[in-house]
Amino acid sequence: MADPGETGRSGASRPHRRGGRSKVAAHLNTARPPLAAIGWVRLVLAALMAVMCLLTAGGALLMLMAWRQDQTDGLATGQTERLWDVWSVLADVERYAAYAALAVAMLWIALATVNVRRGTAHKRNPVLAAGALPLGAFGAWIVADRVVVPAEQWWQTAYGLALEAVFVALPVLALERVADAAEARHRPLRVMFVTAVGYLVTLQTLGALSTIDRTTDLDGWSRGGAYLMIATLLQMVTALAANEACRALEEGTRHRFELRHRFGEALIAQAGL
């Protein structure tokens, strides 16, 4: 015959275990599905980045066409003026597309962080995560304007570019923390960082659609077109890496939500709640 004390102790311990399990299950079952609107925001961001790539490619084509015309019949003054007028329009449209892409990217980062909060137990601040992007962009612009452009020695230019890379790393590191919470792949983010820094180097040293103007001393139309083709390729790789990084984070968040939600349901069913 069992000892009443032992029976009491075992009977008292079972509700305690069941209660603890029900609390864990209730905590896991609080996971909410990610917001579906983030996919549409990513598509808009990808479209804006594609527009920027096409505009830079159009500027490169314009340069190469001018080089071809200069080699055959020569460029008249009126033709050169019309070329620069078209160039100015392309550069302005690219700037507006870049501003729009920055705003949409901030919205995507905020939604991604909210989805991580909804689908996992990790608490990430969407304001801090999204605010790192304009902070990095503004810091890189200040460094370019105050350090890189007026630089007279090569080491000053190298110092400015390194400082720009530090500011570019700020939003990437913020996204790394969000990706850690979602257990998403990090490689696309790192590829995006490398290519973005490479584009900045091209922008500051060789020239791009938004930095070449009428007063720029070009060493031939062909070389300017080649530089723009390099900028176009870097833009394309950066856009592809950014889209893949966004998609990886979205997939990681959804996967974490499904695991947490199903595990919570299994515990609830096992506890008989």
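With (1) touching a helix residue (DSSP H, G or I) at 6+ places or on another chain (Cβ under 8 Å); (2) within 30 Å of residue 254 (Cα to Cα); (3) at pLDDT below 90 as the list, and residue 50 as the residue in question, which single condition is left unmet?
(3)
Test residue 45 against the criterion of being over 23 Å from residue 241 (Cβ atoms) and either at pLDDT 85 or above or surrounded by 11 or more Cβ atoms within 10 Å (Cβ to Cβ) (or both), and give yes or no.
Against the criterion (over 23 Å from residue 241 (Cβ atoms) and either at pLDDT 85 or above or surrounded by 11 or more Cβ atoms within 10 Å (Cβ to Cβ) (or both)), residue 45 does not qualify.
Considering (1) hydrophobic (A, V, I, L, M, F, W, C); (2) more than 30 Å from residue 119 (Cα to Cα); (3) not in a helix (DSSP H, G or I), say which one residue 83 fails and leave the rest.
Only one criterion is unmet by residue 83, namely (3).
Take residue 67 and tell me if it is in a helix (DSSP H, G or I) and touching a helix residue (DSSP H, G or I) at 6+ places or on another chain (Cβ under 6 Å).
yes
List the number of the failed condition for residue 152; all other conditions in (1) surrounded by 15 or more Cβ atoms within 10 Å (Cβ to Cβ); (2) not in a helix (DSSP H, G or I) hold.
(1)
Only residues that are more than 14 Å from residue 238 (Cβ to Cβ), in a helix (DSSP H, G or I) and either of a type in the set (Asp, Glu) or in contact with a helix residue (DSSP H, G or I) (Cβ under 6 Å, 6 or more places away or on another chain) (or both): list them for the stretch 178-188, please.
Of everything in the stretch 178-188, those that are more than 14 Å from residue 238 (Cβ to Cβ), in a helix (DSSP H, G or I) and either of a type in the set (Asp, Glu) or in contact with a helix residue (DSSP H, G or I) (Cβ under 6 Å, 6 or more places away or on another chain) (or both) turn out to be 178, 179, 180, 181, 182.
Is there a residue being modelled with pLDDT under 95, closer than 30 Å to residue 121 by Cβ, surrounded by 15 or more Cβ atoms within 10 Å (Cβ to Cβ) and small (Gly, Ala, Ser) anywhere in the stretch 7-24?
yes
Can you find a residue that is at negative phi, within 20 Å of the chain's Cα centre (by Cα), basic (Lys, Arg) and surrounded by fewer than 21 Cβ atoms within 10 Å (Cβ to Cβ) anywhere in the stretch 205-215?
There is no residue in the stretch 205-215 that is at negative phi, within 20 Å of the chain's Cα centre (by Cα), basic (Lys, Arg) and surrounded by fewer than 21 Cβ atoms within 10 Å (Cβ to Cβ).
Out of 172, 191, 197, 168, report the one residue that is touching a residue at least 12 places away in the same chain (Cβ under 8 Å), in contact with a Lys or Arg (Cβ under 9 Å, 6 or more places away or on another chain), within 18 Å of residue 238 (Cα to Cα) and crowded, with 17+ Cβ neighbours inside 10 Å.
172
Out of 75, 102, report the one residue that is outside any helix (DSSP H, G or I), without any contact (Cβ under 8 Å) to a residue 60 or more places away in the chain, of a type outside the set (D, E, K, R) and surrounded by 13 or more Cβ atoms within 10 Å (Cβ to Cβ).
Step by step, each of 75, 102 is checked, and only 75 is outside any helix (DSSP H, G or I), without any contact (Cβ under 8 Å) to a residue 60 or more places away in the chain, of a type outside the set (D, E, K, R) and surrounded by 13 or more Cβ atoms within 10 Å (Cβ to Cβ).
Which residue pairs have Cβ atoms under 9 Å apart, sit 6 or more places apart or on different chains, and have a first residue in the stretch 110-127 that is part of a loop (DSSP other than H, G, I, E, B) and a second that is of a type in the set (Ser, Thr, Tyr) and at pLDDT below 85?
Within 9 Å, the pairs are 121/30.
The values are calculated or read from the model by the stated rules, or taken from the named source; none is laboratory data. Just so it is clear, the model here is predicted, and its values are computed rather than measured. Every residue, glycine among them, receives a Cβ derived from its backbone with ideal geometry; neighbour counts consider all protein chains shown.
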